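Engineer: Here it is, the structure, as structure tokens.
Bear in mind that the values in this text are calculations on the coordinates, not laboratory data. From a predicted model like this one, the values you see are computed outputs, not experimental measurements. Methodologically, a virtual Cβ is constructed for each residue, glycine included, from the backbone with ideal geometry; neighbour enumeration extends over all protein chains shown.
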Amino acid sequence: MINIKDFSFTYPTSTVPALSDLDLDVPSGELCVVLGAGGAGKSTLAGVISGTIPHLTGGTASGAVQVNETTVANEDTAHLAAHVGLVMQNPFNQISGARFTVREELAFGLENLGVPRAEMNERVNAVMDELRLTHLRDRSPFQLSGGQQQLLAIGSVLVMRPAVVALDEPTSQLDAAGCDLVFTALSTLRQRGITVLLAEQRVERVAREADRVVVLEKGRVVATGTPDEVLAREELESWGIAPLRYTIAARRAAERHRWPTGRPLPVTLDSAAEGFGGMTSIVTAGGATA
Amino acid sequence: MGTVPSSRIHRLNPLTKLTFAVTTTICAFAVVDYWWPLLIFCVVLVPVSIAAGVLRRFSLMLMALWIPVAVAVFLIQGFFFPEAHHVIADFGPLQLKAEGVEFAVQTALHIAVMMGGFFLLLLTTHPGSLMSTMSERGISPSIVYIVAAALQIVPTLNRRATSILHAQQARGQRIKGLYGRVRALVPLIGPLVLGAFTDVSERAAAMETRGFGATGRPTSLVAMADSTAQRLSRAVMMLCAAGAVTVNVWGVVR
Amino acid sequence: MTLRIQSLVFRYPNGTTALDGVSLSIAAGERVAVIGPNGAGKSTLARHLIGIERPTSGSIEIDGRSTEGLSIAELAASVGFVFQNPDDQLHASTVAKEVAFGPRNLGFPPARRSQLVEAALRRTGLADLAGAHPHHLSFGERKRIALASVLAMDTPIVVLDEPTTGQDHRSIQLLENVVDDLSARGRTVVAITHDMEFCAEHFDRVIVLAGGRVEWDGPTERWLAGTEDPARYAYELPQMTRLSHRLGWREPVGTVAAFLDRLPPSTAGESA
């Protein structure tokens, strides 16, 4: 679980806080998605949970951050590694560069923590199996596609068996196939009961996968709730987040009385299809042939 | 590196091969004459490279790296060797002197043995197993990390430099002729260095979250095969090296 | 300026065929999206347009003139290429200098140069950041600088390689305006993209590459109406296309506007 109370943080080179008066509770095993425009504080939040901020960046922080009942400020980052993992935007920079095969790269963190060899082998094999990396085991990490590299980065975190994983826009630099790999890996995390904080831009995926959504704007939480509650809100665009086409279509249709009165605006394909479904039988007969 | 063919030499413990490289180097330097390093080179290094099936790559690597060094040594020592008197050839203000040339040949051959020994190590050892061996021997994780990262950084930088050059040309930058090439370097270095810095700080964060720098002794995934025969041969090689040093010192003292 | 590609074949030195006989012709002012699964040859095709890769066989003509023998720098006068990773191309100490790099290399006179730089900064929403150091800005902003630096070269053809990746909503909106504006001014826009919303809303024509061949080529609307098996192409179709499929429409649409046009009159809504 993640527990943040009244947290503020300012980078050493800045006068404006990157995060202000932040309160956030994510119960164990939940997937919490953080949305917001570039510079809203999503990456900072991921860094705060993993302890790299402010341990590595410096800057001034106030308030309390607890992850898996460990107070982040009291532990050094290397030891936090056993509780919380961080996956960043650029998969390339998460490769240690000091291991020569996928299998060795996966073991890197375990080696650092002094895990015995037999257990290490077992854990590495299990993760390769879960993330379907086994066929790449003897490949150089540098010879993988972006999606495969990001999968490797997720695997290197998963192998540490953390209770919490923070992912900072892990798909932003990937193509569609790479995205699919990453989202499949995310469901593995959830099956394992891992608490996940995911900073994302792809709202449609969010609507399908998230338990809760938090919207940041200029370092402050401006909205929080289930995907249904948050993603249909009219202010979404003013917070710098692209609304779903389903929602836009239903909102415009509602203005012209073409959306069932009283029905909430849809944020998934299913709810959009249900809402429009009642009134499109006529279209199937005539309109669509136009 | 050294992954495609797999001979008995490939399967040796990296430490054995490292001891081999160090021993041949010490032995070669122990006797100051040119026939001795040449003998070691022909009787020891070349047969080993044939046995390992890497003769071709071994020769290519030597040619690429040893020849420039040898030429430099030859020019510097040949012309500027102190206390040399026998002029072999006269090039105006510069004179090629016999003592210099002799010294240059000796030095170049010594270097050939040194390079040869270490190239054999590199060509027959997977870098991963070399790193594991280093960790197992209790060498500091930071040093192992730096060595390992250095082994991989060149192709990475190379790829990046190529993309940057393409991007610059795509914006009309011409890189024809010497002037053009020099001019293209300026916009190349910026992104390369800045990019490397961003990469390093991001990577540092990623490494910390994977427990790098945690106190306590790290373990190693890959177990390196070792045997009594190998341990024995390492001891013998170290004795040879010690002997060579003794012979050398004794020779100097006498 | 017409772009004509004829029987283009490209093989890597190791013998792998990346492009296997691609022929197409793109007229001035067209907006073309090149889509397809990973490894289909999209990037390789784009890299041929700027001369980073050279055909193994076949030809590329710009305005009737073969590009064979032209250097990348010479092609840059006709083809502006925005790379996927902005960090490979940013090197100057300020955003304005960065954007001026291309026009200076192309030898534009100072007056025209500053005019182009100013316009490019304005269109990409960077006017206020002209004096900032590119490396101090966010990824989205750096990506916009890369775009501005190509716009300032005022080339008749602009090629965009995955322009929406890593971009937030505002940056994508600016990008969309840029695409529409380029096309309105008669410039050709070719985008490699896996962003299907972007493709459906701003491109007139879709070229689907698969296995180094052109699998489909035609108007976007017709492509959307005919697609039924998105999984096959390793991308998700636009939301409105999937919705209209789900509703059983015979001719699925790609955009919200088109979707609303096909909805029945308002009385139907009241009765629901």
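Engineer: What number do you get for region A:175-245 when its Cα radius of gyration is normalised by 2.2 N^0.38 Å, N = residues? Don't skip to the answer; put the middle values down first.
Structural biologist: Details: Rg = 12.9 Å, N = 71, 2.2 N^0.38 = 11.1 Å.
In units of the 2.2 N^0.38 Å rule of thumb, it is 1.16.
Engineer: Of the residues B:GLY117, B:GLY213, B:GLY195, which exhibits the maximal mean-square fluctuation in a Gaussian network model of chain B defined by a 10 Å Cα contact cut-off?
Structural biologist: Comparing B:GLY117, B:GLY213, B:GLY195 in the GNM, the peak value goes to B:GLY195.
Engineer: Next question. Any idea what diffusion coefficient region C:124-185 gets from Stokes-Einstein, in µm²/s, Kirkwood Rh on alpha carbon pairs, 4 °C, 1.567 mPa s?
Structural biologist: Values: Rh = 12.2 Å.
Rounded, D is 106 µm²/s.
Engineer: Based on the Cβ-Cβ distance of B:PHE80 and B:LEU38, what FRET efficiency does E = 1/(1 + (r/R0)^6) give at R0 = 22 Å, to the nearest 0.05?
Structural biologist: Values: r = 24 Å, r/R0 = 1.11.
Here the calculated transfer efficiency is 0.35.
Engineer: Okay, moving on. Could I get the Rg over Rh figure for region A:1-145? Both from C-alpha atoms, Rh via Kirkwood, rounded to two places. Don't skip to the end; give the middle numbers.
Structural biologist: On the way: Rg = 17.3 Å, Rh = 17.1 Å.
Result: Rg/Rh = 1.01.
Engineer: For region B:138-234, build the charge dipole from Cβ charges (+1 Lys, Arg; -1 Asp, Glu) around the Cα centre, then report which of B:ALA150, B:SER201, B:ILE189 sits farthest towards its positive end.
Structural biologist: B:ILE189
Engineer: Right, next: Starting from one equal scatterer on each C-alpha and no solvent at all, send me the Debye-based log10 I(q)/I(0) for region C:96-253 at q = 0.08, 0.20 Å⁻¹, two decimals.
Structural biologist: -0.29, -1.23
Engineer: From the P(r) of region B:28-80, could you give the percentage of C-alpha pairs in the tail past 18 Å? List each step's numbers first, then the result.
Structural biologist: On the way: 664 of 1378 pairs.
Everything past 18 Å amounts to 48 percent.
Engineer: Okay, next question. When chain C is treated as a GNM, springs tying every alpha-carbon pair under 10 Å, which of C:ASN177, C:ASN85, C:ASN14 comes out with the largest mean-square fluctuation?
Structural biologist: C:ASN14
Engineer: Give me the Kirkwood hydrodynamic radius of chain C, using the inverse of the mean 1/r over all pairs of distinct Cα atoms, in Å to one decimal.
Structural biologist: Value: 19.8 Å, from the Cα pair sum.
Engineer: Rounded to a whole number of µm²/s, how large is the Stokes-Einstein D of region A:100-174 at 10 °C and 1.306 mPa s, given Rh as the Kirkwood radius over C-alpha pairs?
Structural biologist: On the way: Rh = 12.6 Å.
Reported coefficient: 126 µm²/s.
Engineer: Which value, in debye to the nearest 20, gives the size of the charge dipole of the protein assembly as shown about its Cα centre, when Lys and Arg are +1 and Asp and Glu are -1 at the Cβ? It would help to have the intermediate numbers written out before the result.
Structural biologist: Details: 72 positive and 76 negative charges, 385 e Å.
Using Cβ point charges on Lys, Arg, Asp and Glu, the protein assembly as shown gives about 1860 debye.
Engineer: Once the piece of chain linking B:VAL193 and B:ALA64 is laid out straight, how much longer is it, given 0.36 nm per residue of separation minus the C-alpha distance between them?
Structural biologist: Working: separation 129, 0.36 × 129 = 46.44 nm, distance 2.69 nm.
Between B:VAL193 and B:ALA64, full extension yields 43.7 nm more.
Engineer: Once Rh is set to the Kirkwood radius over Cα pairs, what Stokes-Einstein translational diffusion coefficient, in µm²/s, holds for region B:141-216 at a temperature of 25 °C and a viscosity of 0.890 mPa s? Could you put the intermediate results ahead of the total?
Structural biologist: Details: Rh = 14.6 Å.
In µm²/s, the coefficient is 168.
Engineer: Taking the C-alpha atoms of region A:110-254, how large are the radius of gyration and the largest Cα-Cα span, Dmax, in Å?
Structural biologist: For region A:110-254, the Cα-based Rg and Dmax read 18.1, 62 Å.
Engineer: Still on this model: Report, as an integer, the average count of C-beta atoms from other chains found within 10 Å of each Cβ along C:1-8.
Structural biologist: Numbers: counts 0, 0, 0, 0, 0, 0, 0, 0.
Partner Cβ neighbours, averaged per residue: 0.
Engineer: Can I ask one more? Quick one: Debye curve from the C-alpha atoms of region C:160-253, no solvent, what's log10 I(q)/I(0) at q = 0.18, 0.21, 0.24 Å⁻¹?
Structural biologist: Rounded to two decimals, the profile gives -0.90, -1.16, -1.36.
Engineer: Would you be so kind as to identify which of C:LEU45, C:VAL32, C:ALA92 lies farthest towards the positive end of the dipole of chain C, taking Lys and Arg as +1 and Asp and Glu as -1 on Cβ and the Cα centre as origin?
Structural biologist: C:ALA92
Engineer: Let me ask another. Under a Cβ-only charge scheme (Lys and Arg +1, Asp and Glu -1), can you give me the dipole magnitude of chain C about the Cα centre, in debye to the nearest 20? Mind showing how you got there, number by number?
Structural biologist: Numbers: 27 positive and 33 negative charges, 100 e Å.
Roughly 480 debye, rounded to the nearest 20.
Engineer: Shielding of A:176-185 by partners, i.e. mean partner chain Cβ atoms within 10 Å per residue?
Structural biologist: Details: counts 11, 6, 3, 4, 3, 0, 0, 0, 0, 0.
Mean number of neighbouring Cβ atoms from other chains: 3.
Engineer: Could you calculate the contour length gain from B:ARG56 to B:THR228, that is, 0.36 nm times the residue separation minus the distance between their Cα atoms, to one decimal place in nm? Before the final figure, lay out each step's value.
Structural biologist: Numbers: separation 172, 0.36 × 172 = 61.92 nm, distance 3.13 nm.
Using 0.36 nm per residue and subtracting the Cα-Cα distance, I get 58.8 nm.
Engineer: Calculate log10 I(q)/I(0) of region C:92-160 for q = 0.12, 0.27 Å⁻¹, where I(q) comes from the Debye formula with a single equal point scatterer on each Cα and nothing for solvent.
Structural biologist: So the normalised log intensities are -0.26, -1.23.
Engineer: Chain A: percent of C-alpha pairs farther apart than 35 Å?
Structural biologist: Working: 10636 of 41905 pairs.
Within chain A, distances greater than 35 Å cover 25 percent of Cα pairs.
Engineer: Which one of C:PRO156, C:PRO134, C:PRO110 has the biggest mean-square fluctuation once chain C is modelled by GNM with Cα springs under 10 Å?
Structural biologist: C:PRO110
Engineer: On to the next question. Report relative contact order for chain B in percent, whole number only (criteria: Cα-Cα under 8 Å, sequence separation at least 6). The partial results should precede the final answer.
Structural biologist: Working: 232 pairs, mean separation 78.6, N = 254.
Value for chain B: 31 percent.
Engineer: To the nearest 20 Debye, how big is the dipole of region C:59-103 about its Cα centre, given +1 on the beta carbon of each Lys and Arg and -1 on that of each Asp and Glu? Each step should come with its number before you reach the end.
Structural biologist: Working: 2 positive and 7 negative charges, 31 e Å.
Computed charge dipole of region C:59-103: roughly 140 debye.
Engineer: Still on this structure, please answer the following. Within the protein assembly as shown, how many lysine pairs that are 8 or more places apart, or on different chains, have C-alpha atoms less than 21 Å apart?
Structural biologist: Details: A:LYS5/A:LYS42; A:LYS5/A:LYS218; A:LYS42/A:LYS218; A:LYS42/C:LYS143; A:LYS218/C:LYS143; C:LYS42/C:LYS143; C:LYS97/C:LYS143.
Lysine pairs, 8 or more places apart or on different chains, close enough: 7.
Engineer: Same structure again: Per DSSP helix of 4 or more residues, -39500 (n - 2.57); summed, then divided by the residues of the protein assembly as shown. What does that give at 222 nm, rounded to the nearest 500? If you can, show how the numbers build up before the last one.
Structural biologist: Numbers: 33 runs with 392 residues, N = 816.
Value at 222 nm, helices only: -15000 deg cm²/dmol.
Engineer: Give me the Kirkwood hydrodynamic radius of the protein assembly as shown in Å, from all C-alpha pairs, to one decimal place? Mind showing how you got there, number by number?
Structural biologist: On the way: mean 1/r = 0.0330 Å⁻¹.
Mean inverse Cα-Cα distance, inverted, gives 30.3 Å.
Engineer: With Rg and the Kirkwood Rh both taken from Cα atoms, where does Rg over Rh land for region B:205-254? If you can, show how the numbers build up before the last one.
Structural biologist: Working: Rg = 20.6 Å, Rh = 15.2 Å.
With Rh from the inverse mean 1/r over Cα pairs, Rg/Rh is 1.36.
Engineer: When A:MET88, B:MET238, B:MET134 are ordered from fewest to most other Cβ atoms inside 10 Å of their Cβ, what list results?
Structural biologist: Working: A:MET88 27, B:MET238 14, B:MET134 20.
So the ranking, lowest neighbour count to highest, is B:MET238, B:MET134, A:MET88.
Engineer: For C:GLU176 and B:ALA89, FRET efficiency with R0 = 60 Å and r from the beta-carbon atoms, rounded to 0.05?
Structural biologist: Details: r = 74 Å, r/R0 = 1.23.
Working from the Cβ atoms, E equals 0.25.
Engineer: Also, I was wondering about something else. Partner chain Cβ atoms within 10 Å, averaged over the residues of A:249-258 - can you pull that number for me? Could the numbers behind the result be given before it?
Structural biologist: On the way: counts 9, 2, 1, 5, 6, 1, 2, 5, 8, 10.
Other-chain Cβ atoms within 10 Å of each residue's Cβ, averaged: 5.
Engineer: Counting other C-beta atoms within 10 Å, which of A:GLU229, A:GLU130 has the fewest, and how do the rest follow? If you can, show how the numbers build up before the last one.
Structural biologist: Details: A:GLU229 14, A:GLU130 17.
The fewest-first ordering by Cβ neighbours comes to A:GLU229, A:GLU130.
Engineer: Could I ask something else about it? Compute the distance in nm between two label points, each set 7 Å from the Cα along the Cα-to-Cβ direction, one at A:ALA64 and one at C:HIS136.
Structural biologist: Here the answer is 3.8 nm between the modelled labels.
Engineer: Which value in nm describes the separation of the simple spin-label points at A:THR188 and B:ARG159, placed 7 Å from the Cα toward the beta carbon?
Structural biologist: 2.2
Engineer: Would you mind computing Rg(Cα) / (2.2 N^0.38 Å) for region B:43-132, counting N as its residues?
Structural biologist: Details: Rg = 17.2 Å, N = 90, 2.2 N^0.38 = 12.2 Å.
Working it through for region B:43-132, the quotient is 1.41.
Engineer: Given points 7 Å out from each Cα along the Cα-Cβ axis, report the B:VAL186 to B:SER142 separation in nanometres with one decimal.
Structural biologist: 3.8
Engineer: Provide, as a two-decimal number, the C-alpha radius of gyration of chain B over 2.2 N^0.38 Å, N being how many residues it has.
Structural biologist: Numbers: Rg = 23.2 Å, N = 254, 2.2 N^0.38 = 18.0 Å.
The reported ratio for this selection is 1.29.
Engineer: Which residues does the label zone of C:ARG4 cover in region C:19-54, counting backbone N under 12 Å from a point 7 Å along Cα→Cβ?
Structural biologist: The answer is C:24-27.
Engineer: What residue among C:LEU70, A:HIS135, C:GLY166 has its Cα farthest toward the positive end of the dipole of the protein assembly as shown, where the charges are +1 on Lys, Arg and -1 on Asp, Glu, each on the Cβ?
Structural biologist: Selected residue: C:LEU70.
Engineer: Could you give each residue of region C:98-106 its phi-based ³J(HN,Hα) in whole Hz, using Karplus coefficients 6.51, -1.76, 1.60 with θ = phi - 60°, and x for Gly or Pro?
Structural biologist: 4, 5, 7, 4, x, x, 5, 4, 7
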